[in-house]
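S.K.: Let me begin by handing over the structure; questions about it come next.
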Amino acid sequence: MSDNGLGLLVALGMEAFVSIHMSLFVLMPLSKILSGDNSKKMFWKLFGIRAAILLFFDFFITTNIAMADFIAVFIGACLLGPLSRLLGNSRTLSSEKHPNFSANQPMPAEGRLVLPRDFDPMFSLSEEDCLESFLEREMNRIGLTDSKHLIPGEVLRRKNILSILFAVLLFLYLSLIFFHLSLATYALGLVILVVYWILTGRYKLMNYLKKEVKSRPQEKISNIVMQVQTSLIPDYSGKFRLILSAAAIVAALFVFAKPHILYEKAENGYFVRFYTFGVTNLTTASIPDTYNGEPVTGLRGNTFSNLPLLKEIDLPNTITEIRGQAFKNCRSLKQVTLPNRLTYLGGGAFYNCKSLKAIALPDTVTELGGETFYGCSALAVVKLSAGLTEIRGNTFENCSSLQRIEIPDRVVRIGGHAFYGNSGLSEVSISPTSSLQEIGSSAFRSCNRLVEITLPTGVYINDRAFKESPTKINYYEQ
């Protein structure tokens, strides 16, 4: 290869890029001109010849062949494009003189041309419709129609198996309802059930016959129809599916007639992992203090969440931990007595419990998660734990009925948005001996009735802590 050409990699890249345009605008038109009906084979021959020439020049003569190939695209496109269209028009005109024959077919020596109207109108339909029409004619000829609700025995067995699977899925779906998951989960499950119901119920004898004909193209259609007729039996799958569905519903209601408590082994006993409500017990819940002879020491997250009818919960004093979102979205929950040994109440534990009116945290509680009472719009009375050291962000956000709150002396920080939107809050009691050091952003934002607050000297107050509140800040004298 000469040294004055393009770089090898540049040349190869350029030729690869030009190959697309060369194929579309030069090689394809040229192959049609040269070979007519066998243009695909000719195209690949021309493509191979071009590639061989380019590689030979690149490695042994000069890479400048890439530039020549680039220019050849424009020249070839300008010459071959019009020529290809011209030859195509001439072929079209030739075939228009004899519309029912190709350009290469000889004209019949005598007699008239055969036109589509000379055939059965069925053959003017699409392939699928034509096959269906032919099968309908054949079925009518032997007295077999779809209205008899007949089905091949093999297909009936398959449909019954699908019906059994649907009943199992229906039982599982109804069982999940008692586990009070999110609405999105149930919506998705319902869509799956509806689709499955439609798919298992969709069957027509015609569809089966068309499938058989397509799978046996060498066999006469009349023979296929006759063979299928001998295997037909009455289709009772619809009734079978309804019976199984009813049985699945009854079974789910029977299994979950009463609540179930699922436990999980913990370090010092058992945690309640999940609580399933029962058909006969929708408004109250009770947790025992022992399981398998060991104490029940905690509730995992979401244990009672999304129970819209639950009004009252009885918890044993053996519980020391209640994890996050344990009672989230229990909108009817009005009363709950927290265990007197409780040390941890997780974030969002009573999130959106709109009917909860009062809560008292035992003094053993040392940690309170964020958003614990978020959206508890009916909450009017709150007693905080004396052992609490921080009120985290969003803890009492949008508790519009809360009028008074006493901050324990050990609280060091009130987090952002802690009391945001508490439009009824008019008194925040903080003692002179309080350890409070910081009030976060928007902590008391939009507290329309909080006219004043008195703080210990030296407390850091975020610039937005009392935004949109008419609050005057006072300090205790040292």
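The rows are residues; the columns are (1) under 30 Å from E397 (Cβ atoms); (2) among the charged types (D, E, K, R); (3) modelled with pLDDT under 95.
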| position | (1), (2), (3) |
| --- | --- |
| A247 | no, no, no |
| L253 | no, no, yes |
| K258 | no, yes, yes |
| A266 | no, no, yes |
| G298 | yes, no, no |
| I319 | yes, no, no |
| I322 | yes, no, no |
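S.K.: Another question about this same structure. Here are A257, A246, A266: which of them is touching a residue at least 24 places away in the same chain (Cβ under 8 Å) and of a type in the set (A, V, I, L, M)?
M.R.: A266
S.K.: Mind listing whichever residues of region 333-373 are closer than 16 Å to P408 by Cα and hydrophobic (A, V, I, L, M, F, W, C)?
M.R.: Of everything in region 333-373, those that are closer than 16 Å to P408 by Cα and hydrophobic (A, V, I, L, M, F, W, C) turn out to be I359, A360, L361, V365, L368.
S.K.: Of all residues in region 282-307, which are within 26 Å of the chain's Cα centre (by Cα) and β-branched (V, I, T)?
M.R.: T303
S.K.: Then there is this: So N302 fits all but one of (1) assigned by TED's automatic domain parsing to the domain that holds Y208; (2) not in a strand (DSSP E or B); what number is the exception?
M.R.: Among (1) assigned by TED's automatic domain parsing to the domain that holds Y208; (2) not in a strand (DSSP E or B), the lone unmet condition for N302 is (1).
S.K.: Further, regarding this structure: Tell me, please, whether a residue that is part of a helix (DSSP H, G or I), within 30 Å of S305 (Cα to Cα) and among the aromatic types (F, W, Y) can be found in region 177-186.
M.R.: Yes, some residue in region 177-186 is part of a helix (DSSP H, G or I), within 30 Å of S305 (Cα to Cα) and among the aromatic types (F, W, Y).
S.K.: A further question follows. Of everything in region 246-278 that's touching a Ser or Thr at 6+ places or on another chain (Cβ under 8 Å) and part of a helix (DSSP H, G or I), which residue is farthest from N317 (Cα to Cα)?
M.R.: So, considering only residues that are touching a Ser or Thr at 6+ places or on another chain (Cβ under 8 Å) and part of a helix (DSSP H, G or I), the one farthest from N317 (Cα to Cα) is A252.
S.K.: Farther than 30 Å from L199 by Cα and out of contact with any His (no Cβ under 9 Å at 6 or more places or on another chain): does that describe K239?
M.R.: Answer is no for this residue.
S.K.: Which of the following residues is touching an Asp or Glu at 6+ places or on another chain (Cβ under 9 Å), modelled with pLDDT of 60 or more and among the aliphatic types (A, V, I, L, M): I177, I164, I151?
M.R.: Exactly one of I177, I164, I151 is touching an Asp or Glu at 6+ places or on another chain (Cβ under 9 Å), modelled with pLDDT of 60 or more and among the aliphatic types (A, V, I, L, M), namely I151.
S.K.: State which residue pairs qualify: first residue on the phi > 0 side of the Ramachandran plot and inside region 335-349, second residue among the β-branched types (V, I, T) and in a loop (DSSP other than H, G, I, E, B) in any location, beta carbons under 8 Å apart, and separation of 6 or more residues or different chains.
M.R.: Listed by first residue and then by second, the contacts come to G348/T372.
S.K.: Right, here's the next one. Scan region 254-272 residue by residue and report those that are under 19 Å from A285 (Cβ atoms) and of a type outside the set (G, A, S).
M.R.: The answer is V255, F256, K258, P259, H260, I261, L262, Y263, E264, Y270, F271, V272.
The values are calculated or read from the model by the stated rules, or taken from the named source; none is laboratory data. A quick note: this is a predicted structure, and the numbers were derived from the prediction, not measured. We place every Cβ from the backbone using ideal geometry, glycine too, and count neighbours over all the protein chains shown.
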